[in-house]
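S.K.: I am attaching a structure below and will ask some questions about it afterwards.
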Amino acid sequence: MAVPLINDNKGIKTFVVDEGHGVKGLSELRMKTLPQLFIQPREKRLDMTKVVHHESIPVIDMSDWEDPKVMKRICDAAENWGFFQVVNHGVPVRVLDDVKEAAKRFFLLPADEKKKYLFKNSSTKNVRLVSSFIPEVDKVYEWKDYLSCFYVSDDEASAFWPSVCRDQLLEYMKESEALIKTLLKVLITRLDIPKLDETNEPFLMGSRRINLNYYPICPNPELTVGVGSHSDVSTLTILLQDKTGGLYVRKLDSDNWVHVPPIKGSLTINIGDALQIMSNGRYKSIEHHVIANGLENRVSVPLFVNPRPIDVIGPLPQVIARGEKALYKHVLYSDYVKHFYRKPHNGKDTIDFAKL
């Protein structure tokens, strides 16, 4: 492995991005100091003095989800926090453990093997391996590698997804479908939509993308970020964390942040921009941020539940029928997503694209 020039941004980029070693490859060089390319401006780092230690996002037991009290807790969490954790959610712990192991297996592959999935090499636009967030537009890099798989069909996944993790990802997607439908059924009741059916299911959950995130050990974690502050563009995101922790959520209408501790067997749910727009702002997509870690490698697996790229999203007719003034215009979902990927992470600014 050729060692890049430590203080040479061009050399670092070539090594990390173009040659496919990733941030993981850089971490394995055991550098004593963080390369300049990853040193984030102070305002982009998490200010740990703003972390509120005595508060936490709601934890909701899903074993009796039809209980009106549980349904109310889910809707309240979506309105007041935009984030909540679920336990007894029906996805077997074995499946969750298998996915985390599959993520580790993929990132343990030799760089030459992983390189096949870089955007320039990938045999499909639906599978890509990326370092940072969007290295082509990021002026400063995030300390993360990720494999992103857009689901088209089982056959397409069999043909193109990496064999070391494909079966586990597909099983996880299958096993989590009932939970996704349950959450959407509950959330739409507060929007005066009586049921999830063939008229609304396609644009609430018509497409899915699953990412494997890898956050390697970092020499100066306090100088960089694992993921910069942002909100997701999804309807819902279902996040599986390992035991390491490091995810922080901004409290609604505040400058304070709350840590989301890993709870064994739990899944973390967050509202995405698409559902904020469709609910006309009732449900909140909230900024979140991942810190880098100086002691251990971390993996996480977000499953993004989205409208289809061809869908036009805007405040739902049932919401506007209640007399609410529309806060958002109607936009083609693929245009919204393209806007998100054209710029570095920057808080909640993507949603401005849809504001009236």
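The values are calculated or read from the model by the stated rules, or taken from the named source; none is laboratory data. Not measured: the values here are computed from a predicted model. Here the Cβ is made from the backbone with ideal geometry for all residues, glycine too, and neighbour counts use every protein chain on show. We work out accessible area using only protein heavy atoms, side chains counted, and drop any ligands, DNA or RNA first. Shrake-Rupley method; radii C 1.70, N 1.55, O 1.52, S 1.80 Å.
S.K.: Determine the gain in length on full extension of the stretch Lys72-Lys120; use 0.36 nm per residue of separation and subtract their C-alpha separation, reporting nm with one decimal.
M.R.: Stretched out fully, the Lys72 to Lys120 stretch lengthens by 12.6 nm.
S.K.: Now, a different point. Along the Cα→Cβ direction, 7 angstrom out, place labels at Asp352 and Asp61. What is the inter-label distance in nm?
M.R.: Those two pseudo-labels are separated by 4.5 nm.
S.K.: If you don't mind, there's one more thing I want to ask. Might you report the magnitude of the Cβ-based charge dipole of the range 197-356 about its Cα centre, with Lys and Arg at +1 and Asp and Glu at -1, to the nearest 20 debye?
M.R.: 80 debye
S.K.: How much of the DSSP bridge set in the chain is antiparallel, in percent, rounded to the nearest 5?
M.R.: Counting only bridges with both partners in the chain, antiparallel ones make up about 85 percent.
S.K.: Which value, in debye to the nearest 20, gives the size of the charge dipole of the range 134-181 about its Cα centre, when Lys and Arg are +1 and Asp and Glu are -1 at the Cβ?
M.R.: Dipole about the Cα centre, nearest 20: 140 debye.
S.K.: Still on this model: Compute the signed sum of charges (Lys and Arg +1, Asp and Glu -1) over the other residues within less than 10 Å, Cβ to Cβ, of Gln168.
M.R.: -2
S.K.: Treat every Asp and Glu Cβ in the range 1-100 as -1 and every Lys and Arg Cβ as +1, leave all other atoms uncharged, and give the resulting dipole magnitude about the Cα centre to the nearest 20 debye.
M.R.: For the range 1-100, the charge dipole is close to 600 debye.
S.K.: Stick to Cα atoms and the Kirkwood definition of Rh, then tell me Rg/Rh for the range 67-111.
M.R.: Over the Cα atoms of the range 67-111, Rg/Rh equals 1.24.
S.K.: Considering the Cα trace of the range 271-356, what is its radius of gyration and what is Dmax, both in angstroms?
M.R.: Final numbers for Rg and Dmax: 15.2, 53 Å.
S.K.: Counting only Cα atoms, I'd like the Rg/Rh figure for the range 219-282, Kirkwood definition for Rh.
M.R.: 1.00
S.K.: A further question follows. Over the range 245-285, what is the mean sequence separation of C-alpha contacts under 8 Å (at least six apart), divided by residue count, expressed as relative contact order in percent?
M.R.: Computed over the range 245-285, the figure is 26 percent.
S.K.: State the answer as a single residue: which of Leu118, Val152, Leu96 lies farthest towards the positive end of the charge dipole of the range 95-203, with beta carbon charges of +1 for Lys and Arg and -1 for Asp and Glu, about the Cα centre.
M.R.: Looking along the dipole axis, the top candidate is Leu118.
S.K.: With a 1.4 Å probe and all protein chains left in place, how much accessible area per residue does the range 24-69 have, in Å²?
M.R.: 65 Å²
S.K.: If one computes the Cα centroid of the range 167-198 and of the range 241-295, what distance in Å separates the two points?
M.R.: 19 Å
S.K.: For the range 44-168, count all C-alpha to C-alpha pairs, find those more than 22 Å apart, and express that count as a whole percent of the total.
M.R.: Summing the P(r) of the range 44-168 above 22 Å gives 59 percent of all pairs.
S.K.: Expressed as a rounded percentage, what relative contact order does the range 270-356 have, with Cα pairs under 8 Å and six or more residues apart?
M.R.: 29 percent
S.K.: Nearest 5 is fine: what % of DSSP beta bridges in the range 1-153 come out antiparallel, could you say?
M.R.: Of those bridges, close to 55 percent are antiparallel.
S.K.: Given the peptides 339-346, 78-85, arrange them by the average over their residues of other C-beta atoms within 10 Å, most packed first.
M.R.: My ranking of the peptides, most packed first, is 78-85, 339-346.
S.K.: Using the alpha-carbon atoms, what tilt in degrees (0 to 90, nearest 10) does helix 93-107 show relative to the longest principal axis of the chain?
M.R.: That helix lies at roughly 30 degrees to the long axis.
S.K.: Still on this structure, I have one more. Relative contact order for the chain: what percent, with Cα pairs under 8 Å and sequence separation of 6 or more?
M.R.: Worked out over the chain, it gives 21 percent.
S.K.: Also, quick follow-up: Here are some pairs, Lys69/Lys104; Lys116/Lys181; Lys264/Lys284; Lys32/Lys348; which of them have Cα atoms lying more than 28 Å apart in this structure?
M.R.: Lys69/Lys104; Lys116/Lys181; Lys32/Lys348
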